[in-house]
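A short worksheet on the structure shown next.
Quick note: the coordinates plus some simple rules give every number you see, no bench work behind them. Here the structure is a predicted model, which means the values were calculated and not measured. Methodologically, a virtual Cβ is constructed for each residue, glycine included, from the backbone with ideal geometry; neighbour enumeration extends over all protein chains shown.
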Amino acid sequence: MRARSLPRAAAGAGGQTSVLGWWHRDGGEVLHGADAVHDALMNLRQSLCLVRDGADYGATRGGSVHLGIDGVGPEDLPVVGYAAGLLPERLGDPGFCTDHGVRYPYMAGSMANGIASPELVESMSRAGMLASYGAAGKSIQEIEGAIDRITSRLAGRPYCFNLIHSPAEPAHEARTVELYLRRGIRLIEASAYLDLTLPVVRYRVTGIHRDPQGRVVAPNRVVAKASRIEVARKWLSPPPERMLAALVEAGHITREQADLARQVPMAQDLTAEADSGGHTDNRPAVTLIPTFLELSARLQAEYGYTDCLRVGAAGGIGTPNAAVAAFAMGAAYIATGTVNQCCVESGSSDPVRRMLADTEQADVIMAPAADMFEMGVKLQVLKRGTLFPMRAAKLYEIYAEHPSLEAIPANVRNNIEANIFRMPMAEVWERTRCFFAERDPAQVERAESDPKHKMSLVFRWYLGLSSRWANDGDPTRQADYQVWCGPAMGAFNEWTRGSFLQAPENRHVVNVAHNMLFGAAVLTRVNVIRSQGAILDADWVRVPPLTSEQLEAYLN
């Protein structure tokens, strides 16, 4: 790393250096040198006062600061930059931390198929952060097993479980909600929803009541993810009347509870999901976050909610610079995904972690999604080192062009069986039929009468297993790995290059999160100092990854 330069003060009108006020020594001292000033900037527990001492600049220790130009004494020094202490937990909205019982405004999102593993959830929770188990793609038995482990190990600590929109398997979504209600899961992260469904509305309003003070209490809370304003509006609005009526008719809630439900939003916390791995609309965060913030302000005023709506930020957050930008735009919290998949606590495999460690920002591409295959919905995946994106796209192209498996030309069929499936389609269908006979028998019944749906299920066999092959690190299927990945991974790798975090085996979710938040707090102070006229060396704008011991030294 090159030597640091001292800050320079910007000149004001008439060529005079800008001065914010004066520092009174009062037994304090001035620490000179670029390294001393840098350490003072990184010491987030202490206020940072930059002064001009002759031709030099320094950071003060002790003394007192008086803003303005009055009261100058013979030993007073001009203040050219001042930033209050700023601990990482004071970023974002303190209401998010209070409501969810966490220390930091930071969430690890629920990457599917258990990539957001129980171990990941437990590590984050013990560190004072929120994490959501990746239940999408898991069976009811697997989800319940995760509930058993997480609830037993995190008694009294915060945790979250994912609920993914499943238009192709509505029965599985409904059973997942029933499981969450039966097991007392009080917080879910709702993802990939194109519209609200009866199961997610049922989850939100079950048990709603008034407390002894007369306040409406909805014990089941939702952190929703969205990237389209029409979907965001539904999450930030009360539950739809037609769905409340259906729940009353089914006996899931009473009429009185339906009345109470009209006073609460479907989700108090809405994550603006920008250009991310997995399900994404590739929206730029700099336009999506302000749009959602404006929407939340309008709906807060329209419905007069007792509790304020909050907007978090996700997608593209792989560096402290991205984190500080999100907080500066008004995000109540930040949520990460891809950068957690590359950590040792994730449910992914070592081969995938090595692939992710080599990823650059342009190494991602959109490919057909297994859970919304028939609808043509796509998700963002890694393209470097795998043929999955191209093969999945080819399968969707064949699906769109033919009415049934039997209608596929022989040469095309042979190519699929030899190079993609590596087995006859008849065998793939038999395996698929057995899978859905247990998971959702209605899918088999439909396939037997609808050849197009049967073809969809057979092709989805490949799309579904490709992510499991990746998670298992199957060496015979590395060319078919489906790895959900966004451009944040490339930015993260660039930030960590040359540091201890460059090696996949050194990447731990808690250390990554602490570095993100620490860096965001430091950069917030940098921006304050710069806005006051002091010109800081470019090297200071980059906060390199620090070990847990180094972070602790600055924060304690």
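General observations
- Tail beyond 17 Å, pair distance distribution of segment 361-480 (Cα, percent): 56 percent
- The peptide list 244-252, 340-348, put in order of mean Cβ contacts within 10 Å with the highest first, becomes 340-348, 244-252.
- Projecting the alpha carbon convex hull of segment 90-348 along each direction and taking the average yields 13.0 nm².
- Packing-based order for 136-148, 41-53, 210-222, 429-441, using average beta carbon neighbours within 10 Å, highest first: 41-53, 136-148, 429-441, 210-222
- Short-range pairs are left out: with C-alpha atoms under 8 Å and at least six residues apart, the relative contact order of segment 90-348 is 19 percent.
- Residues Y305, Y481 arranged by fewest to most Cβ contacts within 10 Å: Y305, Y481
- Shape category assigned to segment 159-198 from the gyration tensor of Cα positions, a/c cut at 1.5: oblate
- Amide H contacts under 5 Å for L187: F161, R221, restricted to partners 5 or more places along the chain or on a different chain, H placed in the peptide plane at 1.01 Å from N.
- For segment 159-206 versus segment 333-412, the gap between their alpha-carbon centres in whole angstrom: 24 Å
- Equivalent ellipsoid dimensions for segment 69-214 as semi-axes, Å, which come from the Cα gyration tensor, largest first: 42, 18, 15
- Set against the 2.2 N^0.38 Å expectation for a compact globular protein, segment 25-107 has a Cα radius of gyration ratio of 1.40.
- Charge sum, other residues only, whose C-beta stays under 13 Å from D363's C-beta, Lys/Arg counted +1 and Asp/Glu -1: -1
- Using only alpha-carbon positions in segment 175-299, the gyration tensor eigenvalues give semi-axes of 27, 16, 13 Å once each is multiplied by 5 and square-rooted (largest first).
- Overall form of segment 402-469 per C-alpha gyration tensor (a/c, 1.5; a/b vs b/c): oblate
- Note on the chain: antiparallel DSSP beta bridges, both residues inside, total approximately 55 percent of the bridges counted.
- When segment 302-347 is reduced to its Cα atoms, the Kirkwood hydrodynamic radius in Å: 12.3 Å
- Net charge of Cβ neighbours under 12 Å - reference A553; Lys, Arg +1; Asp, Glu -1: -2
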